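The values are calculated or read from the model by the stated rules, or taken from the named source; none is laboratory data. Quantities reported herein were computed from a predicted structural model and do not represent experimental measurements. Ideal geometry is used to build each Cβ from the backbone, glycine not excepted, and the neighbour counts take in all protein chains shown.
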Amino acid sequence: MLVLEKLQEKFPEEIIETGESAGQTYVVVKREKIFEILKFLHESGELLFDHLADLTAVDWLKKKTPRFEVVYNLFSIRYKHFLRVKAQVPEEDPRITSVSSIWKVANWFEREVYDMFGIVFEGHPDLRRLLMPEDWEGFPLRKDYPLSLEPEQEWQGLVELKEKARRLAPFDWYQRVPGERGPSEVNEEAKEG
Amino acid sequence: MIDLQAFLNTADHFLLKYFGLSLFKSLVLVGITLLHVAYTTYAERKIIGHMQQRLGPNRVGPRGLLQPIADVLKLIQKEDIIPSCVDSPVVFKAAPLISLVAGATSLAVIPIWEHFVVTNVNMALLVVLAMSSLSSFGVILAGWASNSRYSFLGGLRASAQVISYEIAMALALVGVMMLAGSMNLVEIVKAQVASPFKIYAIPQIIGFFVFMVAAIAETNRTPFDLPEAESELVAGYFVEYSGIRFALFYLAEYFGMIVMCMLAVVCFLGGWYGPFEVPGVPFFWFLLKLYFLIFFYIWVRATLPRYRYDQLMGLGWKVLIPLALLNIVITGLIKVMA
Amino acid sequence: MPQAVEIIQKQKNSDQWDEPYLVNMGPQHPATHGVLRLFLELDGETIVRCDPRIGYLHRGVEKLSENLTYSQAMVLTDRLDYIASAANNVGYCLAVEKLMGLEVPRRAQIIRVIVCEMARIASHLLWLATHALDIGAMTVFLYCFRDREWLLDIFEEICGARLTVSYPRIGGVRLDFNQKIIDELYRFTEEFPRRIPEYETLIDVNRIWLKRTKGVGVISGEEAVNLGLTGPSLRGSGVRYDLRRTRPYLIYDELDFEVAVEYEGDVYSRYRVRMKEMREANKIIRQCLDKLAECEGEPVIAEEAPDLLIPFSKPKRPQPAPHPKKGFLVKSVEVPIVPEGEVYFAIEAPKGELGYYIVSDGSGHPWRVRIRAPSFVHISALPALSEGQMVADIIAVIGSVDIVLGECDR
């Protein structure tokens, strides 16, 4: 394939592996020069990957080392070819260069990956949490993150909200606290019992 | 020996004539207008409902006719909430009252019939203009006192809008004054009927157009409902209001709308005169014209989208005011020629 | 969150008048189409800076999918873009089928195209309704809902659900169309092209509408591609990128339809694109109904389609031991059906490019499900579209890029 040849010619040392999955070509690269590789793919006239369809990460806990892979799904609207670039990111040092200066759309994609996996994008203009609250602890899409938290691990905001609901419950018609039984229900059960 | 009987007679006569009658008249007027306001809301919901292929209110009473009364009862019952962060509770409480009182005061000078004016003053037109400006004063105060970002923006928009459209409206009415030679509304109606076209809407067609557009803007109705633009400012200046105070703002808006329609009927459409007399109902024609204009207001609301703030100002200053000035020039020329 | 409150508090107590005026628009606001929160810095009425905050509807669909089987995870996709849920289901199923190498019967493919295009019309109708309401035209709103109601009724007839349909299955669709649905769809396709001019007469010739939409939220084609806009929002800027034509899936390459493109790049041209698209979608449904008659009686689900725990005709598999972990997520039958590998599959959803990136490790669960939601990208482009415009314009812009927060936050 033309794209792969071009890439191999330009960055012979960076490419770790190439292959195909479900008819889609992918290339695994080292993370150090990811910015240069993607800039080349974006700007080279014959490749012209102008559409960053998707940017995400995969956590390969206990399956592969290095643990993380940052995945760039690229598409060229003019030439209609597709390429997946995967950059390996180790667990100990989860850093990679930001590409938000190449594609503006990468800005929020990278923020989301940072939010969910804790991978830091260097050179990102505004790396904050996106979907989770700003004071959330942990990175939910990592494989070692539990599906449901224990009561003592709960997010502080939710704890405060529950506390407030408990305080204001007397003013509520049904005196309810979210996730708990209200006094009226307890009373009714007591009557029935 | 003082003639006690005569004195009492005089006093009685005086009270009846000047005080009792005015009080009686104003009570009748306010009562009727309040009913009109209530049923204008009902009519609005029904008419817009049918224009939008739905039914409108139809649950309370036959055909939903008691809906406005149920609404008022509900709003009166509600707790009067003053948000804790309000800048000035006094102003916050007073603002809807200012709006409403100013809106309702204009009613005093509007003649519904030759013999039914609460106070027939010579400067009636000015009183109406002054009161409608004062009405938006309440809006501005509400926007400032609520200490909410949306309210404040709504209040600012209201002040800018009122200033620009007040000018256009007043200028549109100048033509009427020039033709009638008076600012007394009863005189205006009489002069109108004596004029060749019977109504001023024909010779003053530009003025009538400018007046109607400006009146819609003045009463903050679609497409000029920027101070309360629902999709941008949530509810604009009354975003923090609830219960009866919210209802007062609502009332004020409809009062303003009815007053403006009445003014249009009086100044442009020949007041209570019609092609023939309807025996027993002296204000039949007045009400008919009024209802038509109110229907027009409602119709506009169902049809048009909302202007943007700068476009609204542009329309006011670049289109309506020059048009109104042109109207004055033309009227003046006609007056001089004739 | 604390940041905004602090700034507003600080501003309240200071006497400085040159600071920007901060407005916190949302998450409860009538025109942000859900729980989108915009943090606006105003200079008068002009927007100096716009900072969208999302996450108020984050339900962790991606994390949940990793803990469900492939068939179960499909149900979650309904909840992404709940206005056009059929399109989400189809996209997910196509991605999994591509990973499995599963061949879908032709009749199922045609039915999928029909439901996708129905979802597109329903979505665009809702978009038009809310967009018009945002700009202040109230009547269009209810006219559109009248026709959307008709479509939802057809959906109900097809699968029993109106909004979250979960109708397609991995390997086909749940049930075949009966004659009643086909008749109703014929009636709809006959009637609907007559309804579109009704909306257009209400808004297309309205000067206020034109003033509010023309030249607002302008973006060039190049910039739009860089910002990742897709779907009608991109085609409104003159870029002919429609996945139904660029990377055809299902039977779209056999169908005769035009890709709607407009070149101005403003709110009005995005509106034009969507109006055109509704007409084209109607044409597509019509063609598919004719094609459906050709393959009457053929199966609508592949023989080797994975089990759903809803008995089709296959015998039930033995139940595993209940999972020890507490909570509502009980892992059900794990059948190693999907080979190891990964796939990125995107379809042209009503809102734009809806992509599924699925990584499989060969077990019954997806190892990673990533959803590339068009609304997410469109919201990220809001600052570029709205800065320098007025407060009223941002409402028009939000409407014109057509966002659904369920899809954005996942």
May I ask you to list the residues in region B:22-43 that are of a type in the set (Phe, Trp, Tyr) and surrounded by fewer than 14 Cβ atoms within 10 Å (Cβ to Cβ)?
B:24
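How many of the residues in region C:206-244 are among the charged types (D, E, K, R), in a helix (DSSP H, G or I) and within 10 Å of another protein chain (Cβ to nearest Cβ)?
Residues in region C:206-244 being among the charged types (D, E, K, R), in a helix (DSSP H, G or I) and within 10 Å of another protein chain (Cβ to nearest Cβ): 5 in total.
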Just to verify a result, which residue in region A:139-166, among those that are in contact (Cβ under 8 Å) with a residue 60 or more places away in the chain and not aliphatic (A, V, I, L, M), is nearest to the other protein chains (Cβ to nearest Cβ)?
A:143
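Answer yes if at least one residue in region B:202-214 is in contact (Cβ under 8 Å) with a residue 12 or more places away in the chain and within 14 Å of chain C (Cβ to nearest Cβ), and no otherwise.
Within region B:202-214, one or more residues are in contact (Cβ under 8 Å) with a residue 12 or more places away in the chain and within 14 Å of chain C (Cβ to nearest Cβ).
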Can you name every residue in region A:106-128 that is over 12 Å from the mean Cα position of the chain (by Cα) and acidic (Asp, Glu)?
A:122, A:126
So which residues in region A:21-40 are among the aromatic types (Phe, Trp, Tyr) and out of contact with any Lys or Arg (no Cβ under 8 Å at 6 or more places or on another chain), if there are any at all?
A:35
Looking at region A:16-65 only, could you name the residues that are in contact (Cβ under 8 Å) with a residue 12 or more places away in the chain, closer than 23 Å to residue A:2 by Cβ, aliphatic (A, V, I, L, M) and facing another protein chain (nearest Cβ under 8 Å)?
A:52, A:53
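Would you confirm whether any residue within region A:66-89 is out of contact with any strand residue (DSSP E or B) (no Cβ under 8 Å at 6 or more places or on another chain), within 9 Å of chain C (Cβ to nearest Cβ) and loosely packed, with under 15 Cβ neighbours inside 10 Å? Break it down into steps so the answer makes sense when it comes.
Initial filter on region A:66-89 (out of contact with any strand residue (DSSP E or B) (no Cβ under 8 Å at 6 or more places or on another chain)): A:78-80.
Applying the additional criterion that residues be within 9 Å of chain C (Cβ to nearest Cβ) yields A:80.
If we keep only those that are loosely packed, with under 15 Cβ neighbours inside 10 Å too, we end up with A:80.
Yes, region A:66-89 contains a residue that is out of contact with any strand residue (DSSP E or B) (no Cβ under 8 Å at 6 or more places or on another chain), within 9 Å of chain C (Cβ to nearest Cβ) and loosely packed, with under 15 Cβ neighbours inside 10 Å.
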Evaluation of residue A:82 against (1) within 17 Å of the chain's Cα centre (by Cα); (2) under 15 Å from residue C:372 (Cβ atoms) (one fails), failing number:
(1)
Quick test of your reading of the structure: residue A:119 fulfils all but one of (1) more than 11 Å from chain C (Cβ to nearest Cβ); (2) without any contact (Cβ under 8 Å) to a residue 60 or more places away in the chain. Name the failing condition by number.
(2)
Looking at region C:380-390, which of its residues are facing another protein chain (nearest Cβ under 9 Å) and buried (at least 24 other Cβ atoms within 10 Å of the Cβ)?
C:380, C:381
Among the residues of region B:40-82 satisfying the criterion of being on the phi > 0 side of the Ramachandran plot and in contact with a Leu (Cβ under 9 Å, 6 or more places away or on another chain), which is farthest from the other protein chains (Cβ to nearest Cβ)?
B:64
Of the residues B:200, B:273, B:297, B:307, which single one is hydroxyl-bearing (Ser, Thr, Tyr) and over 28 Å from residue B:123 (Cα atoms)?
B:307
Tally up the residues in region B:49-65 that are part of a loop (DSSP other than H, G, I, E, B), more than 24 Å from the chain's Cα centre (by Cα) and surrounded by 12 or more Cβ atoms within 10 Å (Cβ to Cβ), please.
8
Determine which member of the set A:103, A:136 is more than 20 Å from residue A:63 (Cα to Cα), within 10 Å of chain C (Cβ to nearest Cβ) and in contact with a Phe, Trp or Tyr (Cβ under 8 Å, 6 or more places away or on another chain).
A:136
Select from region C:115-164 the residues that are under 19 Å from residue C:75 (Cα atoms) and part of a loop (DSSP other than H, G, I, E, B) and write down the one among them that is nearest to the other protein chains (Cβ to nearest Cβ).
C:162
If we scan region B:68-76, do we find a residue that is touching a helix residue (DSSP H, G or I) at 6+ places or on another chain (Cβ under 8 Å), aliphatic (A, V, I, L, M) and loosely packed, with under 13 Cβ neighbours inside 10 Å?
yes
Please state which one of B:152, B:137 is in a helix (DSSP H, G or I), closer than 24 Å to residue C:24 by Cβ, of a type in the set (Phe, Trp, Tyr) and in contact with a helix residue (DSSP H, G or I) (Cβ under 7 Å, 6 or more places away or on another chain).
B:152
Would you check which residues across region C:196-205 are within 10 Å of another protein chain (Cβ to nearest Cβ) and surrounded by fewer than 21 Cβ atoms within 10 Å (Cβ to Cβ) and list them?
C:202
Test: residue C:407 is crowded, with 24+ Cβ neighbours inside 10 Å, away from chain A (no Cβ under 11 Å), in a helix (DSSP H, G or I) and charged (D, E, K, R):
yes
Select from region A:23-69 the residues that are of a type in the set (Ser, Thr, Tyr) and not in a strand (DSSP E or B) and list them in ascending order.
A:44, A:65
Residue B:26 vs. criteria in a helix (DSSP H, G or I), of a type in the set (Ser, Thr, Tyr) and modelled with pLDDT under 85:
yes
Surrounded by fewer than 22 Cβ atoms within 10 Å (Cβ to Cβ) and assigned by TED's automatic domain parsing to the domain that holds residue C:298: which single residue out of C:168, C:193, C:232 fits that description?
C:193
For region B:229-244, name all the residues that are at negative phi, crowded, with 24+ Cβ neighbours inside 10 Å, touching a residue at least 24 places away in the same chain (Cβ under 8 Å) and assigned to a helix (DSSP H, G or I).
B:233, B:237, B:238
For region B:77-95, which residues satisfy the criterion of being part of a helix (DSSP H, G or I) and surrounded by 13 or more Cβ atoms within 10 Å (Cβ to Cβ)?
B:91, B:92, B:93, B:94, B:95
Could you grab the pairs with beta carbons closer than 8 Å, sequence gap of 6+ or different chains, first residue in region B:159-171 and of a type outside the set (Gly, Ala, Ser), second one outside any helix (DSSP H, G or I) and crowded, with 17+ Cβ neighbours inside 10 Å?
B:161/B:220; B:161/B:224; B:165/B:224
Of (1) closer than 28 Å to residue C:208 by Cβ; (2) within 10 Å of another protein chain (Cβ to nearest Cβ); (3) of a type in the set (D, E, K, R), residue C:342 fails just (1)
